[in-house]
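Since the structure comes first, as structure tokens, the remarks are kept for the end.
The values are calculated or read from the model by the stated rules, or taken from the named source; none is laboratory data. Just so we're clear, the structure is a prediction, and the values are computed from it rather than from any experiment. Backbone-built Cβ (ideal geometry, glycine too); neighbour counts: all protein chains shown. Each accessible area value is taken on the protein alone, full model and side chains, heavy atoms only, with ligands, DNA and RNA left out. Shrake-Rupley method; radii C 1.70, N 1.55, O 1.52, S 1.80 Å.
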Amino acid sequence: SKWKSWVDLVPVYTVPDGSEYTSIIVPNVFSQQFQFMLELLIPMRKHVLMCGPTGTGKSAYIMETITKHMDQEKFKPMSLGFSAKTSAAMTQDIIDGKLDKRRKGVYGPPMGSQTVIFVDDLNMPEVEFYGAQPPIELCRQLLDNGGWYDLKEKSWKSIIDTTMVTAQGPVGGGKNVVTPRLIRHFNIFAFAA
């Protein structure tokens, strides 16, 4: 019931013997702040967007939190990375492939759990001639309407018990502006260079 400084929340860390270099994440004040906010927002089904330059650890902090610091029985992580050639159909197939059918037209994780969809490089999909980014529009449809149409059966699929956590870098170098219609759904955190 008393306020604590972020410094007091940083655990003592020793590198485990035999650890791969790429798996080592040394906790610091900033990593604890982001971890705390993710652990607070995800159970409330609030979507999160982490922005920042390449190499600041956005993806590493998110994956560390959703795979190691959250109850894996209750929160089921799903990870996908966008590229310039990612299509809406690819995105839909990946997400659909990892969800269970609950009842007719309703899909989600196993009962009593929540899927955390982590989308890395959210702003990488190529912009089409008319300005659309199909994978981005598919994500927006999921967040706006709670599902999408099955491409084979041409029927609506409601997707429940999911939360989206994303990471993106600054615009430029193949990274594009993401439509504000999608961004409005997210709680946004910025990583400094």
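What value, in deg cm²/dmol to 500, does the helix sum -39500 (n - 2.57) over DSSP H runs of n ≥ 4 give at 222 nm once divided by the residues of the chain?
Numbers: 6 runs with 50 residues, N = 193.
The per-residue figure over the chain is -7000 deg cm²/dmol.
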Helix 88-97: inclination vs the chain longest Cα principal axis, degrees, rounded to 10, gives 70
Result for the chain: accessible area per residue, probe 1.4 angstrom, in square angstrom, of 58
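Working out 0.36 nm times the residue gap between Y149 and E20, then minus their Cα-Cα distance, what length gain in nm do you get to one decimal?
Computed gain between Y149 and E20 is 42.3 nm.
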In cubic angstrom per residue, the convex hull of the chain built on its Cα atoms measures 153
Computed for region 76-193: size of charge dipole around the Cα centre, +1 on C-beta of each Lys and Arg, -1 on C-beta of each Asp and Glu, debye to nearest 20, value 360
Once the in-chain neighbours fewer than 8 apart are removed, the aspartates and glutamates whose Cα is under 12 Å from K68 read E39
Quick calc: nm separation of the 7 Å Cα→Cβ label points for Y130 and Y13 -> 4.7
Note: A60 to V171 extended length (0.36 nm per residue) minus current alpha-carbon separation gives 37.9 nm
Taking alpha-carbon centroids only, region 132-190 lies from region 69-115 a number of Å equal to 13
Output ordering of 134-140, 62-68, 124-130 (per-residue mean of other Cβ within 10 Å, highest first) is 134-140, 62-68, 124-130
With DSSP loop assignment and no more than 12 other C-beta atoms within 10 Å, the chymotrypsin sites (Phe, Trp or Tyr not before Pro) in region 1-68 are W3, Y13
For K101, counting only lysines whose alpha-carbon sits under 24 Å away and dropping same-chain residues fewer than eight positions off, the answer is K46, K74, K76, K152, K154, K157
Mean Cβ-within-10 Å packing, highest first, puts peptides 146-156, 43-53 in the order 43-53, 146-156
Applied in sequence order to region 20-35, the curve 6.51 cos²θ - 1.76 cosθ + 1.60 (Karplus, θ = phi - 60°) yields integer Hz couplings, x standing for Gly and Pro, of 6, 4, 6, 8, 8, 10, 7, x, 9, 4, 5, 5, 5, 5, 5, 4
For A190, placing the label point 7 angstrom along Cα-to-beta-carbon and taking region 19-45, residues whose amide nitrogen sits under 17 Å are 30, 34
For the chain, the accessible surface attributable to carbon and sulfur atoms (probe 1.4 angstrom, ligands and nucleic acids excluded) amounts in percent to 57
